[in-house]
Amino acid sequence: MITQTEKKYYTREEYFVLEETAEYKSEYHDGEIIPMTGGTTNHNKIVGNFYSKFLITINNQEYEIYMNDVRLSVPDYNLYTYPDVMIIKGKPNYTNKSKTTVTNPQVIVEVLSKSTQDYDRTEKFKMYRSLLSLNEYIMINQYRYSVEKYVKQTEEQWFYSYFDGEEAILTLSSLEFQIPFNELYSRVEFEESDEIEPEQD
């Protein structure tokens with residue numbers, strides 16, 4: 001007789017303790033701890049290109065930008081995760097005194113991979129939409145010149161845009177920022193065998 005291993009659930013406090021000493025970051029969702037896959041070199045370059053371009057163009061506007069290691073809390077879904085990039089207007093709202101977890105991103109950017117693209121486009125986006133502060137969600141394809149963007153119109157309605165091709169320019173709608181694809185994908189080397197497709201309407 002084959003017996004199934006019982007799934008283990010953790011409290012948030014147990015998760016926080018484990019994260020402090022863990023070699024790799026993990027996502028926490030309603031009691032489950034899900035290890036996050038490591039990023040490719042292309043993934044890392046794209047995140048770095050977006051981050052550095054934002055820093056040199058935003059000037060004295062009251063925005064903060066964070067990469068990878070800053071944790072996000074999504075209270076409605078008991079989710080703790082690490083978006084690739086978060087932009088916050090004004091000061092970050094923290095969940096604790098240690099300043100490791102924020103709650104108020106205006107823009108979230110995720111770089112898509114084969115293993116996470118479906119989750120990023122569906123379930124994760126649904127959870128992100130519960131954040132009242134969030135106005136814009138960007139998904140960057142790391143295997144081709146392709147970016148998808150959702151902009152909040154109302155609490156129930158988000159407008160979808162798609163940018164494609166080496167000459168394209170990604171322009172944010174909720175704040176004054178744009179980045180040409182030749183800068184966003186600077187030093188990125190594509191491999192045709194790895195290509196993933198944009199979301200289909």
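The values are calculated or read from the model by the stated rules, or taken from the named source; none is laboratory data. These numbers were taken from a predicted model, which means no experiment stands behind them. Glycine also receives a Cβ, built like all others from the backbone with ideal geometry; neighbour counts cover every protein chain displayed.
Below, the figures for the structure above:
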{"quantity": "Of residues in the stretch 51-88 being part of a strand (DSSP E or B) and of a type in the set (Phe, Trp, Tyr), the one farthest from TYR28 (Cα to Cα)", "calculated": "TYR63"}
{"quantity": "Failed condition for ASN78, given (1) touching a Lys or Arg at 6+ places or on another chain (Cβ under 8 Å); (2) polar (S, T, N, Q); (3) crowded, with 17+ Cβ neighbours inside 10 Å", "calculated": "(3)"}
{"quantity": "Failed item in (1) within 22 Å of ASN59 (Cα to Cα); (2) under 16 Å from the mean Cα position of the chain (by Cα), with PRO180 passing the rest", "calculated": "(2)"}
{"quantity": "Residues within the stretch 56-69 that are closer than 27 Å to VAL188 by Cβ and modelled with pLDDT under 95, tallied", "calculated": "7"}
{"quantity": "Subset of the stretch 23-54 that is closer than 21 Å to GLN142 by Cα and among the aliphatic types (A, V, I, L, M) - its residue that is surrounded by the fewest Cβ atoms within 10 Å (Cβ to Cβ)", "calculated": "MET36"}
{"quantity": "So ILE87, is it of a type in the set (A, V, I, L, M, F, W, C), modelled with pLDDT under 95 and closer than 30 Å to VAL188 by Cβ", "calculated": "no"}
{"quantity": "Which listed residue is in contact with a Phe, Trp or Tyr (Cβ under 7 Å, 6 or more places away or on another chain), surrounded by 19 or more Cβ atoms within 10 Å (Cβ to Cβ), hydrophobic (A, V, I, L, M, F, W, C) and not in a loop (DSSP other than H, G, I, E, B), from LEU134, LEU170", "calculated": "LEU170"}
{"quantity": "THR57 vs. criteria surrounded by fewer than 16 Cβ atoms within 10 Å (Cβ to Cβ), over 19 Å from GLU123 (Cβ atoms) and in contact with a Phe, Trp or Tyr (Cβ under 7 Å, 6 or more places away or on another chain)", "calculated": "yes"}
{"quantity": "Test result for LYS99, among the basic types (Lys, Arg), out of contact with any helix residue (DSSP H, G or I) (no Cβ under 6 Å at 6 or more places or on another chain), over 17 Å from THR37 (Cα atoms) and free of Cβ contacts under 8 Å to residues at least 12 places away in the same chain", "calculated": "yes"}
{"quantity": "Candidate set from the stretch 47-88 (those that are among the acidic types (Asp, Glu) and within 13 Å of the chain's Cα centre (by Cα)); member that is nearest to PHE177 (Cα to Cα)", "calculated": "ASP84"}
{"quantity": "Test set (1) within 19 Å of LEU132 (Cβ to Cβ); (2) among the β-branched types (Val, Ile, Thr); (3) not in a strand (DSSP E or B) - ILE46 fails condition number", "calculated": "(1)"}
